[in-house]
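The values are calculated or read from the model by the stated rules, or taken from the named source; none is laboratory data. Here the structure is a predicted model, which means the values were calculated and not measured. With ideal geometry, Cβ positions are generated from the backbone for all residues, glycine too; neighbour counts draw on all protein chains shown. Note: areas computed on protein heavy atoms with side chains; ligands, DNA, RNA excluded. Shrake-Rupley method; radii C 1.70, N 1.55, O 1.52, S 1.80 Å.
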Amino acid sequence: MGCREGRGVDRWVWEAGEAHGARGGSSGSLRDGAGSAQAGLGRCRRQVLRAEQGRDALGFPNCRLMALKRMGIVKDYEKIRTFTVAVVGVGGVGSVTAEMLTRCGIGKLLLFDYDKVELANMNRLFFQPHQAGLSKVQAAEHTLREINPDVQFEVHNYNITTLDNFEHFMDRISNGALEEGKPVDLVLSCVDNFEARMAINTACNELGQIWMESGVSENAVSGHIQLIIPGESACFACAPPLVVAANIDEKTLKREGVCAASLPTTMGVVAGMLVQNVLKYLLNFGTVSYYLGYNAMQDFFPTMSMKPNPQCSDHNCRKQQENYKKKEAARPKEEVIEKEEEIVHEDNDWGIELVSEISEDELKAASGPVPELPEGISVAYTIPDKEDNMITGETVAESEESLEELMAKMRNM
């Protein structure tokens, strides 16, 4: 197996027979031998591209991403390769999220999922029919390594909600960074059920780990992302979904043999929103959204931020809230200096002046007494006393003439 030279920018292309063999022929699965051969051929092609086109500081052809730095949007884009992100759930949203992060040059990805690729998943954006039967994390790793071999991958094919797996999950997000023994920089929840979300929420509250949650509605035309900073913003237990708050068993909503609604467009939009928020958070540019929704029916993108619930059912959340309050209390307050408004155009070339038509004495005489008010409150105006401001003088005598007669006199004047 090898490479052959062709024309154009990408001078190295697949041999047709080898590409077919790397896909596992007609077996419908990615075999280890073929996968290794495919990886070798991909490396061969990339080595030539590196020599032909040159490589940027990331070690991956990211010249278009580096343009963000040259245009002043991102201060230090090379920093992206120092970050580690854990993606829990490699389905419709999670797989696309992992792909986008891989293409952006993230340093390391940890992938968690217990499910297998099925033909029913083919309406999504990432998996391919020949990967059916593989675990989602295994299939994702094969594909993502081909996209960017400079990213480190760590995959775990298990359900994080079981007791043993949950302990291992907490250990990996606590110690699975690029530098072993350090925590990951961000955890992304891309799961499709409340139980798994609560497991992630419990782990992150206990560890003080910042994470982002995402989801797509059952009717497939709306979704959302949410940044959760333990103690500072509402966790998933602070404001549970309506279906959970109403004590409805989530498992009863799914019927055996019935596929849930799914649109690759909505999943792609939500994944894009999620990764965009991740990049802004990690690289410190733009405004990071605490909550951003998407409604495809009205093209509506609501935003909000939610404060944590002091009576949250998760005791670790309440503990994190107390820690956050102590940090805020210890932080030095910034003094706000009030500047006096400058008088604009006090002098002018035309000698124009503003002259009051009433003197200060007349103004005071026309004003009423100022009531006693608490500090910080003032009145906009006062009501003058009627007795002190009674108009004295001659009065007009009453007339027996009608209104029409009086108006006729005025016209003749």
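What residue, among those in region 99-117 that are farther than 10 Å from residue 151 by Cα and over 18 Å from the mean Cα position of the chain (by Cα), is surrounded by the most Cβ atoms within 10 Å (Cβ to Cβ)?
112
Determine, yes or no, whether residue 271 is modelled with pLDDT under 90 and outside any loop (DSSP other than H, G, I, E, B).
no
When you go through (1) open to solvent by less than 50 Å² (accessible area, probe 1.4 Å); (2) closer than 19 Å to residue 191 by Cβ; (3) touching a Gly at 6+ places or on another chain (Cβ under 7 Å) one by one for residue 141, which number turns out not to apply?
So residue 141 meets the others, but not (3).
For region 108-147, what are the residues that are part of a loop (DSSP other than H, G, I, E, B) and of a type outside the set (Ser, Thr, Tyr)?
Across region 108-147, the qualifying residues are 113, 115, 117, 118, 124, 125, 126, 127, 128, 132, 133, 134.
All but one of (1) over 24 Å from residue 271 (Cα atoms); (2) assigned to a loop (DSSP other than H, G, I, E, B) hold for residue 150, so report the exception by its number.
The failed condition is (1).
Looking at residue 203, is it assigned to a helix (DSSP H, G or I) and surrounded by 20 or more Cβ atoms within 10 Å (Cβ to Cβ)?
yes
Of all residues in region 206-232 being open to solvent by 40 Å² or more (accessible area, probe 1.4 Å) and of a type in the set (A, V, I, L, M, F, W, C), which is nearest to residue 301 (Cα to Cα)?
Among those residues, the one meeting the criterion is 216.
Picking from 175, 165, which residue would you name as being open to solvent by less than 60 Å² (accessible area, probe 1.4 Å), of a type in the set (S, T, N, Q), in contact with a Gly (Cβ under 7 Å, 6 or more places away or on another chain) and more than 15 Å from residue 91 (Cβ to Cβ)?
It is 175.
Could you list all residues from region 290-303 that are loosely packed, with under 12 Cβ neighbours inside 10 Å and not acidic (Asp, Glu)?
Hits for region 290-303 are 297, 298, 300, 302, 303.
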